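Everything below concerns the one structure shown next.
The values are calculated or read from the model by the stated rules, or taken from the named source; none is laboratory data. All of these numbers come straight from a predicted model, not from anything done at the bench. Virtual Cβ from ideal backbone geometry, glycine too; neighbours counted across all protein chains shown. Areas reflect the complete protein model, heavy atoms only, side chains present, ligands, DNA and RNA absent. Shrake-Rupley method; radii C 1.70, N 1.55, O 1.52, S 1.80 Å.
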Amino acid sequence: MADKAIIRREVLRKRDAISADARKSKCLSVKEKISSLPEFQHSNTIFYFVSFRSVVDTIYQIKDALVLGKRVVVPKVNAKTRELDLYEISGLSELKPGCMGISEPDLPEERRIDINGVDLVIIPGAAFDAEGNRIGYGAGFYDKLLSRLRKKVPLIAIAFEEQLTDSIHSEPHDVKVHKIVTDARVIECPEA
């Protein structure tokens with residue numbers, strides 16, 4: 001099995017090479033697949049990451065969820081704890097450039113939400129395999145966040161088909177996703 005750093009670099013190179021037109025079409029396909037999932041339709045409070053660089057765009061997904069009356073929770077990097085703090089947003093205007101230029105909520109502490117207050121998690125990653133293993137971006141933010149879950153919540157990764165790889169070695173602290181939604185398909189991952 002290839003080293004995670006090598007897989008990450010290769011997959012990100014492929015992802016970055018997707019043309020703007022193809023990216024737009026692929027993002028629309030992912031958005032449509034997510035909105036048709038029972039996990040999405042039955043959820044009330046959804047955790048979304050805010051899209052950055054060449055990842056699948058979540059802005060339109062967030063807008064649609066808000067229009068449907070869903071509660072939307074997004075992360076903010078806490079520089080002191082090196083963890084993600086979560087905040088409920090009522091609109092995209094509540095986001096400002098934050099850590100590494102990624103948009104984050106600029107909200108008071110009383111809008112903060114515990115991860116156990118959500119009933120669906122949409123997470124990013126650099127690479128995934130069909131077993132639900134993921135390679136993140138190296139900081140461990142999402143593994144730390146998801147390790148705080150005390151209830152079973154659907155963990156759905158969104159990615160371009162180019163981000164799938166044959167096999168990813170997982171460590172005991174790695175949290176597996178339950179489904180991977182790409183522009184081409186929905187992958188049901190085996191239960192961990």
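Before moving on, here are some points about what is shown:
- Listed values for segment 167-176 are Karplus-derived 3J(HN,Hα) couplings in whole Hz (6.51 cos²θ - 1.76 cosθ + 1.60, θ = phi - 60°), namely 7, 10, 6, 10, 9, x, 7, 6, 9, 7, and x replaces Gly and Pro.
- Summing charges over neighbours of Lys176, with a neighbour being any other residue whose Cβ is under 9 Å away from its Cβ, gives -2 when K and R count +1 and D and E count -1.
- Label positions at Ser54 and Glu94, each projected 7 Å from the Cα along the C-beta direction, are separated by 3.2 nm.
- Contact order normalised by residue count of segment 62-192, Cα under 8 Å, 6+ apart, percent: 20 percent
- Which listed pairs, of Lys80/Lys176; Lys14/Lys152; Lys24/Lys76; Lys4/Lys96; Lys33/Lys176; Lys24/Lys176, have C-alpha distances above 24 Å, in listed order: Lys80/Lys176; Lys14/Lys152; Lys24/Lys76; Lys4/Lys96; Lys24/Lys176
- Once C-alpha pairs closer than 8 Å and six or more residues apart are averaged by separation and normalised to the residue number of segment 1-71, the relative contact order reads 29 percent.
- In segment 48-88, the trypsin sites (Lys or Arg not before Pro) that fall in loop regions by DSSP, at most 16 other Cβ within 10 Å: Arg53, Lys80, Arg82
- Two tests apply to each whole DSSP H helix in the chain, Cα reach of 15 Å or more along its axis and mean Kyte-Doolittle hydropathy of at least -1.0, and the ones passing both are 20-36.
- Solvent exposure, largest accessible area first (probe 1.4 Å, DNA, RNA and ligands not counted), of Thr165, Thr45: Thr165, Thr45
- The DSSP beta bridges internal to segment 61-192 are antiparallel in roughly 70% of cases.
- Heavy-atom accessible area per residue - segment 4-153, 1.4 Å, Å²: 49 Å²
- Ranked order, Tyr60, Tyr142 - accessible area, probe 1.4 Å, largest first: Tyr60, Tyr142
- Extreme residue, positive dipole direction of the chain, given options Ser167, Val50, Ser103 (C-beta unit charges): Ser103
- Computed magnitude of the charge dipole of segment 45-192 (debye, nearest 20; Cβ of K, R +1, Cβ of D, E -1): 440 debye
- Within the shell defined by Cβ-Cβ distances under 12 Å, the residues around Leu37 carry a net charge of 0, with Lys and Arg each +1 and Asp and Glu each -1.
- Taking all protein chains as they are arranged and a probe of 1.4 Å, the heavy atoms of Leu66 leave approximately 50 Å² accessible to solvent.
- From the coordinates shown, Cα Rg over 2.2 N^0.38 Å corresponds to which of (1) 1.23; (2) 2.09; (3) 0.96: (3)
- Aspartates and glutamates whose Cα lies under 15 Å from that of Lys144, excluding same-chain neighbours fewer than 8 positions away: Glu83, Asp85, Asp114, Glu171, Asp174
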